[in-house]
Amino acid sequence: MNQNDSEIIKKLIYYDGQSRNGYSSSSKELSDKLSALGIALPVKLHYDYKLPGGMAPQDYEKFLDELLFYVDFLDGDFDNPHLLAHIPELNKMTQDEKKALMRKIFRKQSQAKLKLKTEIEKIKKLNKEVAQIDTSKRPGSFLRGISYGFAPKDIDWFINKSETSLISNNANIYDELEKRLGFAPQYDLCSEHLNILLTAARTYRGKPLPGKEDGHDW
């Protein structure tokens with residue numbers, strides 16, 4: 001692989017990771033905000049999972065960015081207008097050059113899928129809380145949930161029970177949480193956890209948490 005191809009692939013991996021991570025938010029951040037208001041839930045929303053090799057969550061997230069880029073890469077991704085806007089080098093490539101680069105990526109896909117399976121086995125062995133979760137439908141989302149510290153029930157719900165986003169289906173609930181607490185989760189909680197959080201918000205009598213516009217770094 002020539003140096004130019006390597007640089008483009010690095011940019012592709014970075015772009016793919018940024019597009020995912022922008023939506024994820026952190027369960028730790030949510031838990032910290034609740035603690036700042038003095039709200040203690042009867043359930044745990046953030047987990048510090050054990051990661052292979054003792055990796056930090058941020059490093060594991062970067063590792064997943066590269067692994068899942070190869071796992072999820074599809075023929076035709078290079079025609080994505082958003083991708084072309086962020087990686088102008090692709091616009092300068094001929095169709096033959098793009099096809100050659102795609103072949104190089106696809107050659108690593110089968111190996112990446114095997115590595116994905118091995119990684120899930122490692123995570124389940126290290127963390128008994130998630131050992132029984134069926135990861136067959138969305139294996140990549142399972143590992144993403146681990147890296148973000150999402151609760152086991154939230155991970156299981158997202159990959160096995162959700163058909164559409166609770167955020168979009170329950171916009172009124174998230175709006176109410178925002179009004180009462182000054183914030184709302186930036187990721188999908190399972191129905192049980194969402195209802196527990198809503199109940200806590202409705203019994204909360206303090207002031208909402210100030211936002212960034214008020215000079216607070218949340």
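The values are calculated or read from the model by the stated rules, or taken from the named source; none is laboratory data. All values reported here derive from a predicted model rather than from experimental measurement. Ideal geometry is used to build each Cβ from the backbone, glycine not excepted, and the neighbour counts take in all protein chains shown.
Remarks
- Residue in the stretch 139-146 that is closer than 30 Å to D48 by Cβ, of a type in the set (S, T, N, Q), touching a residue at least 24 places away in the same chain (Cβ under 8 Å) and in contact with a Ser or Thr (Cβ under 9 Å, 6 or more places away or on another chain) present: no
- Out of S141, S110, one residue alone is modelled with pLDDT under 95, within 30 Å of H193 (Cα to Cα) and among the polar types (S, T, N, Q). It is S141.
- So Q95, is it within 21 Å of the chain's Cα centre (by Cα) and among the polar types (S, T, N, Q): no
Conditions tested, residue by residue: (1) buried (at least 16 other Cβ atoms within 10 Å of the Cβ); (2) at pLDDT below 85; (3) under 30 Å from G182 (Cβ atoms); (4) among the aliphatic types (A, V, I, L, M).
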position: V43; (1), (2), (3), (4): no, no, yes, yes
position: Y49; (1), (2), (3), (4): yes, no, yes, no
position: N80; (1), (2), (3), (4): no, yes, no, no
position: M93; (1), (2), (3), (4): yes, no, no, yes
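- The combined condition, being surrounded by 13 or more Cβ atoms within 10 Å (Cβ to Cβ) and over 23 Å from D59 (Cα atoms), is fulfilled by F106.
- Residue list for the stretch 7-34, filter: farther than 30 Å from K207 by Cα, among the basic types (K, R) and either at pLDDT 75 or above or not in a helix (DSSP H, G or I) (or both): K10, K11
- Residue check: K115 meets all listed conditions (1) modelled with pLDDT of 95 or more; (2) of a type outside the set (S, T, N, Q); (3) more than 18 Å from F63 (Cα to Cα); (4) surrounded by 11 or more Cβ atoms within 10 Å (Cβ to Cβ) but one, namely (3).
- The set of residues from the stretch 194-218 being at pLDDT 95 or above and farther than 13 Å from L181 by Cβ comprises just one member, I196.
- The criterion of being buried (at least 17 other Cβ atoms within 10 Å of the Cβ), assigned to a helix (DSSP H, G or I), of a type outside the set (G, A, S) and at pLDDT 90 or above holds for I146.
- Count of residues meeting criterion [assigned to a helix (DSSP H, G or I) and either within 23 Å of L143 (Cβ to Cβ) or at pLDDT 90 or above (or both)] in the stretch 63-78: 11
- Among (1) under 22 Å from V43 (Cβ atoms); (2) assigned to a helix (DSSP H, G or I) - the single one D134 does not satisfy: (2)
- The residue of the stretch 173-193 that is modelled with the lowest pLDDT, among those that are among the charged types (D, E, K, R) and in a helix (DSSP H, G or I), is D175.
- The single condition from (1) in a loop (DSSP other than H, G, I, E, B); (2) touching a Gly at 6+ places or on another chain (Cβ under 7 Å); (3) modelled with pLDDT under 95 that M1 fails is (2).
- Within the stretch 35-57, if we keep just the residues that are small (G, A, S) and assigned to a loop (DSSP other than H, G, I, E, B), the residue that is farthest from C190 (Cα to Cα) turns out to be A56.
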